[in-house]
2 protein chains.
Amino acid sequence: MTHISDLDTPAALVDVPRMQGNIDRMQARMDRLGVRFRPHVKTSKCLPVVQAQLDAGARGITVSTLKEAEEFFDAGIDDILYAVCIAPARLPRALALQRRGCDLKLVTDSVAGAEAIARFGKAHGEVFEAWIEIDTDGNRSGIPPEGDALLAVGRALHDGGARLGGVMAHAGSSYDHDRPEALRAAAEQERHGTVRAAERLRQAGLPCPVVSVGSTPTALSAQALDGVTEVRAGVYVFFDLVMLNVGVCTMDEIALSVLTTVIGHQPEKGWAIVDAGWMAMSRDRGTQKQKHDFGYGQVCMEDGTPIAGYVMDSANQEHGILCHADSIDHGITERFPVGTRLRILPNHACATAAQHPEYHAIFPGDEVRTWPRFYGW
Amino acid sequence: MTHISDLDTPAALVDVPRMQGNIDRMQARMDRLGVRFRPHVKTSKCLPVVQAQLDAGARGITVSTLKEAEEFFDAGIDDILYAVCIAPARLPRALALQRRGCDLKLVTDSVAGAEAIARFGKAHGEVFEAWIEIDTDGNRSGIPPEGDALLAVGRALHDGGARLGGVMAHAGSSYDHDRPEALRAAAEQERHGTVRAAERLRQAGLPCPVVSVGSTPTALSAQALDGVTEVRAGVYVFFDLVMLNVGVCTMDEIALSVLTTVIGHQPEKGWAIVDAGWMAMSRDRGTQKQKHDFGYGQVCMEDGTPIAGYVMDSANQEHGILCHADSIDHGITERFPVGTRLRILPNHACATAAQHPEYHAIFPGDEVRTWPRFYGW
């Protein structure tokens with residue numbers, strides 16, 4: 001049996017009981033709110049993680065790339081929302097998936113995109129299902145719930161011969177909040193705009209069976225989801241320091257960490273140097289503008305216990321510099337001698353996980369199993 | 001024959017003539033300065049790139065992980081410097097490489113590290129070669145050229161039975177400069193400190209055959225390298241926008257770019273949305289504090305021609321937001337319609353390349369060949 005002490009560093013660790021707790025909390029919340037839950041698998045890109053989400057009650061998955069759709073369809077999952085507006089040149093890959101039996105849902109937010117989907121399907125004798133992306137907070141893509149564009153896109157899909165399956169929104173701006181009342185308001189804004197878009201489509205005689213919303217902060221803050229049929233969220237499965245600052249998790253719910261080894265010091269500066277740099281942590285500095293800046297991550301003992309005040313302050317490709325955030329620890333060499341193994345909690349789990357070819361899943365009793373993850377497009 | 005127009009997006013492109021020009025410029029410079037050149041392969045992690053460096057005259061390679069050492073040794077390259085202080089627990093992997101015939105050089109900057117290397121070698125009947133890392137600019141790891149620590153580490157290696165092969169330094173702070181005179185001074189500081197460390201070791205009766213320095217900015221700025229035997233550099237092979245701001249390359253020498261497709265717009269904000277987000281570009285914002293902030297990258301036409309003023313302003317996992325840096329382009333939808341293919345020049349080639357499982361190498365005549373790259377530890 002493999003133990004943490006057998007692992008070479010740097011290595012991505014998943015605390016399985018914490019992950020299961022995060023999955024159970026989210027699913028129970030969705031069950032109470034009376035909506036289906038469709039996890040976003042871009043965070044983990046790992047079958048055992050996604051299987052645990054489905055086993056807990058999730059219905060279908062959300063993906064950010066066709067590679068994810070292909071990998072998880074090959075693993076037996078067939079209800080898949082590809083939640084990024086599809087580039088027209090990529091439609092042949094979507095067609096191939098659908099013809100193999102995948103219940104694939106595409107997304108668009110423009111007449112040009114809608115026409116391309118409908119036209120390509122018609123040319124190949126297939127009906128694509130597409131959802132319209134709604135912009136409820138001005139954060140990224142999508143079309144406003146009000147205005148002519150929504151109906152124009154809906155008609156381009158429906159009249160063009162595609163299946164208009166619903167509307168979806170992602171309240172990305174919820175990441176900017178850190179008070180419960182602001183998060184509840186963001187969730188209500190996301191819900192209201194998306195439901196309003198669905199109503200307008202229906203009033204115009206267009207079908208809109210699905211109303212899909214979601215982000216981890218809004219999913220964990222919504223008080224009611226009237227009119228919504230499903231919720232999506234991704235990073236909740238691992239959580240991270242950005243989510244801690246937003247206020248939707250505690251430090252001991254963060255399930256992803258990077259195991260690292262001390263390889264040197266600059267004692268007069270109070271630095272310990274470790275073998276996890278930005279290659280292992282990612283360059284994500286998501287806590288930089290939040291209420292607590294953790295640098296590149298929070299330092300913990302090898303067993304996962306946080307060491308208050310110690311952060312990864314800066315990073316080169318394969319070097320991380322650890323120090324006390326507020327003072328120079330002149331005893332750093334004795335505190336963390338060469339060879340000391342530590343864990344670093346990441347700013348952004350999606351970005352940190354993406355740097356690793358595999359997870360080391362830590363089960364109760366310190367048993368470690370290797371879980372592969374994939375990357376690329 | 002594959003062409004750029006056949007590639008799905010996002011995709012990492014390498015302009016082979018530009019890369020070859022970068023390799024030839026660096027090698028010619030090293031030849032003129034009378035030193036060996038040992039490229040750092042952490043940038044590309046790709047055999048055809050490294051082979052081009054060796055074919056041009058490079059002698060041996062530098063790696064940042066034992067995985068790189070193992071991969072390139074398996075490909076037939078045996079003169080390898082592992083340029084990160086080794087964690088003692090990783091010595092068995094180094095031993096295995098050496099026993100297979102690899103001429104592996106380790107690095108240390110502490111008595112604890114030196115003793116671990118010597119002791120482990122002695123326990124296994126092998127002599128490890130180790131170089132001492134020198135800190136010439138207070139940027140990261142290494143020990144100062146002056147002071148007792150240098151001789152203590154040297155003796156711990158030599159007297160402990162390891163082979164003290166030399167000294168090495170990396171002037172990481174050269175990245176902070178952007179004037180030729182400051183870069184020349186940084187190069188001279190790196191040279192002077194490293195040569196001084198070698199002289200002190202020799203005066204103490206210790207061997208120090210190799211004096212190794214290097215960073216892309218200092219390698220391209222040094223006016224003389226008296227006492228230096230070899231230079232290392234990595235990112236010069238591709239260059240990037242950080243190096244453009246430092247002043248050691250032009251925009252038309254940047255050999256790495258990310259091919260992407262426009263998937264939507266927010267016309268009232270002047271945004272075009274593309275299918276390359278931070279997953280394709282990395283989260284590296286290295287130009288943020290430089291004289292010209294390129295956001296997540298410089299926008300170019302599909303053929304690589306830069307489009308002045310247009311940058312990737314922000315990024316989600318699989319979405320990039322392109323806009324004019326200084327004004328709202330209300331005609332963005334017509335300028336870059338859905339389906340338009342563009343290239344983005346990256347801030348930091350090492351970080352962007354690391355996000356991709358393969359390069360698409362573009363040869364003269366637009367012929368594309370796939371070059372695999374690896375990741376992980």
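The values are calculated or read from the model by the stated rules, or taken from the named source; none is laboratory data. Quick caveat: nothing in here was measured; it's all calculated off a predicted structure. FYI the Cβ positions are ideal-geometry reconstructions off the backbone, even for glycines, and counts take in every protein chain you see. Surface areas here come from the heavy atoms of the whole protein model, side chains and all, with no ligands, DNA or RNA. Shrake-Rupley method; radii C 1.70, N 1.55, O 1.52, S 1.80 Å.
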Going from most exposed to least, what order do A:MET30, A:MET251 have by accessible area with a 1.4 Å probe? A:MET251, A:MET30
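How much accessible area per residue does chain B have, counting only protein heavy atoms and a probe of 1.4 Å, in square angstrom? Can you show the working numbers first?
Values: 12800 Å² over 377 residues.
Solvent-accessible surface per residue comes out at 34 Å².
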Which shape class applies to segment B:17-237: rounded if a/c is under 1.5, otherwise prolate when a/b exceeds b/c and oblate if not, where a ≥ b ≥ c are the square roots of the Cα gyration tensor eigenvalues? oblate
Simple label model, 7 Å out from Cα along Cβ direction - B:SER5 to B:GLN20, nm: 2.5 nm
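Express in nm, to one decimal, how much length is gained between B:ALA123 and B:ARG179 on full extension, taking 0.36 nm for each residue of separation and deducting their alpha carbon distance.
Working: separation 56, 0.36 × 56 = 20.16 nm, distance 5.03 nm.
Taking B:ALA123 through B:ARG179 to full extension adds about 15.1 nm, to one decimal.
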Report the calculated FRET efficiency for A:HIS192 and A:GLN288 (r = Cβ-Cβ distance, R0 = 35 Å), to the nearest 0.05. 0.65
Sorting from shortest, the nanometre distances separating the label point of B:ARG179 (7 Å past Cα along the line to Cβ) from those of the same residue in the other copies are 4.7
With chain B rotated onto chain A, spot the residue of B whose Cβ lies nearest the axis and note the distance in whole Å. B:ARG283, 2
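Test of the criteria: in segment B:46-149, which chymotrypsin sites (Phe, Trp or Tyr not before Pro) are in a DSSP loop and have at most 11 other Cβ atoms within 10 angstrom of their Cβ?
Details: sites: B:PHE72, B:PHE73, B:TYR82, B:PHE120, B:PHE128, B:TRP131; in loops: B:PHE128.
Answer in residue order: no site qualifies.
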So for chain A, averaging the separation of alpha carbon pairs under 8 Å that are six or more residues apart and normalising by length, what relative contact order in percent results? 20 percent
Listed pairs A:LYS45/A:LYS105; A:LYS42/B:LYS45; A:LYS122/B:LYS269; A:LYS67/B:LYS269; A:LYS45/B:LYS42 exceeding 23 Å between Cα atoms: A:LYS42/B:LYS45; A:LYS122/B:LYS269; A:LYS67/B:LYS269; A:LYS45/B:LYS42
Surrounding net charge for A:ILE344, when Lys and Arg each add one and Asp and Glu each subtract one, Cβ distance under 13 Å: -3
Distances in nm between the label point of B:GLU199 (7 Å along Cα→Cβ) and its equivalents in the other copies, shortest first, are 8.2
The alpha-carbon center of segment A:221-289 and that of segment B:65-95 are separated, in whole Å, by 30 Å
Which value in nm describes the separation of the simple spin-label points at B:ARG99 and B:GLU146, placed 7 Å from the Cα toward the beta carbon? 4.5 nm
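Pop the C-beta distance of A:GLN51 and B:ASP159 into the FRET formula with R0 = 41 Å and round what comes out to the nearest 0.05. List each step's numbers first, then the result.
Numbers: r = 56 Å, r/R0 = 1.36.
Calculated value: 0.15.
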Classify the protein assembly as shown as rounded, prolate or oblate from the Cα gyration tensor: take a ≥ b ≥ c as the square roots of its eigenvalues, call it rounded if a/c is under 1.5, otherwise prolate when a/b beats b/c and oblate if not. prolate
Using packing as a proxy for protection, rank A:223-230, B:36-43 so that the peptide with the highest average count of other Cβ atoms within 10 Å comes first. B:36-43, A:223-230
Surrounding charge for B:LYS67, neighbours by C-beta under 14 angstrom, Lys/Arg +1, Asp/Glu -1, total -3
Sorted shortest first, the nm distances from the B:ILE307 label point (7 Å along Cα→Cβ) to its counterparts in the other copies are 4.9
With a 10 Å radius around each residue's Cβ, average the other Cβ atoms per peptide and rank B:266-273, A:358-365, A:83-90, highest first. A:83-90, B:266-273, A:358-365
Given a Förster distance of 41 Å, the FRET efficiency implied by the Cβ-Cβ spacing of A:GLN223 and A:GLU302, rounded to the nearest 0.05, works out to 0.55
Per residue of B:262-275, what is the mean number of Cβ atoms on other protein chains within 10 angstrom of that residue's Cβ? 5
